[in-house]
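First up is the structure itself, then whatever we jot down about it.
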Amino acid sequence: VVHIAAVNKDRSFDDYQRIYNTIAEKIREEDEYDGYIGYGPILVRLGWHSSGTYDKNDNTGGSYGGTMRFKLEQSDGANNGLGNARAFMEPILKEFPWISHGDLYTLGAVCAVQELQGPKVKWRPGRVDMPEDTTPKNGRLPDAANGADYVRNFYARLNMNDREAVALTGAHCLGRTHLKNSGFDGPWGAASNSFTNEFFVNLLNEQWKLQKNKAGNMQYDSPKGYMMLETDYALVQDPAYLKIVKEFANNEGAFFKEFASCFQKLLENGIDYPKDAPTYVFKTLDEQDL
Ligand code: HEM
Ligand SMILES: Nc1c([N+](=O)[O-])cnc2ccccc12
């Protein structure tokens with residue numbers, strides 16, 4: 001399968017910055033969502049899950065076709081709860097009907113990372129909505145009840161190495177798990193809406209206890225009420241991963257640099273960009289004094 005980015009000559013950087021600003025202002029405005037965590041984290045998850053179906057072996061899945069808009073993909077249990085993110089995006093699609101779903105879902109994720117004080121993430125337009133029958137089968141997204149070998153294998157399918165895998169999982173500094181969505185619970189209090197290297201600091205500094213949660217699923221809990229999934233904790237069980245966790249815990253800049261490049265790579269997996277395709281770095285609201 002080949003997906004060529006369609007360069008829309010009628011649209012400029014300003015058109016996309018206007019969409020960015022609309023999303024960013026809506027995140028700011030609707031701050032009460034999910035116990036005042038806000039929509040940032042779930043918008044990051046929407047962009048990630050739109051892209052996480054990619055398979056490097058046959059170049060299928062990924063963000064290009066915007067197939068997250070179809071009920072088959074939405075019915076994947078791993079996507080439970082993302083209806084809130086899609087509902088957030090509905091009025092944006094109405095106001096800017098010219099943007100593809102793939103471009104919107106990935107732009108929203110980049111906007112959320114930047115507005116939550118994360119690194120600047122480069123973004124390129126050109127994804128084209130594909131028909132429903134191109135939707136990848138369910139089951140391509142990862143399952144949290146696994147260890148390091150599974151994690152390494154999963155990320156390899158997305159063409160991600162150890163450093164990229166650790167950096168991407170660092171997005172678990174945002175938001176939280178919800179029993180009704182995934183059967184995992186918490187963290188309470190610690191759930192944050194600012195993008196930092198705290199996930200790695202927590203992994204190294206907290207006492208973690210593997211226990212059954214009230215849904216009967218295994219998760220790691222800490223005395224402070226933090227939690228880690230088994231696939232999170234795998235990053236300190238595997239010696240190669242642990243080395244990178246320590247680097248990112250001690251050097252937030254190194255984490256930000258790696259995250260910025262591999263998040264863009266994740267959101268663009270499977271897409272061929274013509275040489276005249278533009279690359280955009282959006283300004284935050286703060287940078288525009290908005
Ligand atoms: C092995 C890989 C991964 C697994 C098994 C995993 C699993 C999960 C689970 C079970 C949840 C809780 C969902 C809920 O109950 O609402 C979650 C939340 C989240 N994940 Fe991951 N994840 C993985 C990788 C990633 C990556 C690569 C990113 C982004 C780069 C990411 C971003 C997020 C965010 C932002 C949330 C919070 C969403 C919210 O607060 O509503 N995750 N993840
Ligand atoms: N906030 C989180 C943490 N944490 O340490 O705060 C750990 N793992 C998570 C997994 C999914 C979503 C949020 C998480």
Through the Karplus equation 6.51 cos²θ - 1.76 cosθ + 1.60, θ set to phi - 60°, convert the phi angles of the stretch 58-66 into ³J(HN,Hα) values in whole Hz; use x for Gly and Pro. 10, 6, 9, x, x, 7, 3, x, x
Gap separating the Cα centres of the stretch 13-77 and the stretch 109-159, nearest whole Å: 10
Residues whose built amide H sits under 5 Å from the amide H of Met218, excluding neighbours closer than 5 in sequence, are Asn213
Along each of the three principal axes of the Cα atoms of the stretch 158-290, give the extent in whole Å, ordering the values from largest to smallest. 53, 38, 30
Put a dot 7 Å past each Cα toward the Cβ at Glu247 and Val2; how far apart are the dots in nm? 3.6
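How much length would be gained if the chain were fully extended between Ser75 and Asn146, taking 0.36 nm per residue of separation minus their Cα-Cα distance, in nm to one decimal? Walk me through the intermediate numbers first.
Values: separation 71, 0.36 × 71 = 25.56 nm, distance 2.19 nm.
Computed gain between Ser75 and Asn146 is 23.4 nm.
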Could you give the length gained on full extension between Gln17 and Leu290, defined as 0.36 nm per residue of separation minus the Cα-Cα distance, in nm? 97.0 nm
Once you've got the GNM for the chain with C-alpha springs shorter than 10 Å, pick whichever of Thr177, Thr53, Thr134 has the biggest mean-square fluctuation. Thr134
Identify all lysines with a Cα-Cα distance to Lys212 below 19 Å; exclude those on the same chain that are fewer than 8 residues away in sequence. Lys180, Lys224
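Run the helix sum for the chain: -39,500 (n - 2.57) per DSSP H stretch of 4+ residues, divided by residue count, reported at 222 nm to the nearest 500 deg cm²/dmol. Each step should come with its number before you reach the end.
Working: 13 runs with 132 residues, N = 290.
Calculated from helices alone, the mean residue ellipticity at 222 nm is -13500 deg cm²/dmol.
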Would you kindly derive the ³J(HN,Hα) couplings of the stretch 256-269 from the backbone phi angles with the Karplus curve 6.51 cos²θ - 1.76 cosθ + 1.60 (θ = phi - 60°), listing them in order in whole Hz, with x for Gly and Pro? 4, 5, 5, 4, 4, 7, 7, 6, 4, 4, 4, 6, 10, 3
Any aspartates and glutamates whose Cα falls less than 13 Å from that of Lys137, other than same-chain ones fewer than 8 residues away, would be Asp55, Glu73, Asp76
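Cβ neighbours within 10 Å, averaged per peptide: list 272-279, 194-201, 108-115 in order, most packed at the top.
108-115, 194-201, 272-279
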Connecting every pair of Cα atoms under 10 Å apart in the chain and solving the GNM, the largest mean-square fluctuation among Ala156, Ala254, Ala215 falls on Ala215
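What is the sum of charges, Lys and Arg at +1 and Asp and Glu at -1, for the other residues whose Cβ falls under 10 Å from the Cβ of Tyr105? Don't skip to the answer; put the middle values down first.
Working: positive: Arg69, Arg86, Arg127; negative: Asp103.
Here the charged neighbours net out to +2.
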Interchain or sequence-distant (5+) residues whose placed amide H lies within less than 5 Å of the amide H of Ser192 are Gly175
Beyond a 28 Å Cα-Cα separation, which of these cross-linked pairs lie in this structure: Lys120/Lys275; Lys214/Lys257; Lys214/Lys246? Lys214/Lys257; Lys214/Lys246
From the Cα gyration tensor of the stretch 1-154, with a ≥ b ≥ c the square roots of its eigenvalues, which class applies: rounded if a/c is under 1.5, or else prolate if a/b is larger than b/c, or else oblate? oblate
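Kirkwood Rh over alpha-carbon pairs of the chain, then Stokes-Einstein at 10 °C and 1.306 mPa s: what D in µm² s⁻¹, rounded to an integer?
On the way: Rh = 19.3 Å.
For these conditions, the coefficient is 82 µm²/s.
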Percentage of interatomic Cα-Cα distances in the stretch 80-147 larger than 20 Å: 46
Any chance you could run the full-extension gain for Asp58 through Lys224? It's 0.36 nm times the residue separation minus the Cα-Cα distance, nm to one decimal. 55.4 nm
Along the stretch 30-47, what does the Karplus equation 6.51 cos²θ - 1.76 cosθ + 1.60 (θ = phi - 60°) give for ³J(HN,Hα), rounded to whole Hz, x for Gly and Pro? 8, 7, 7, 3, 6, x, 6, 6, x, 7, x, x, 6, 6, 5, 5, 4, x
For the stretch 162-188 and the stretch 214-265, write down the distance between their C-alpha centroids in whole Å. 9
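Quick note: the coordinates plus some simple rules give every number you see, no bench work behind them. Given the structure is predicted, the values throughout are model-derived calculations rather than measurements. So basically every Cβ, Gly included, is an ideal-geometry build from the backbone, and we count neighbours across all protein chains shown.
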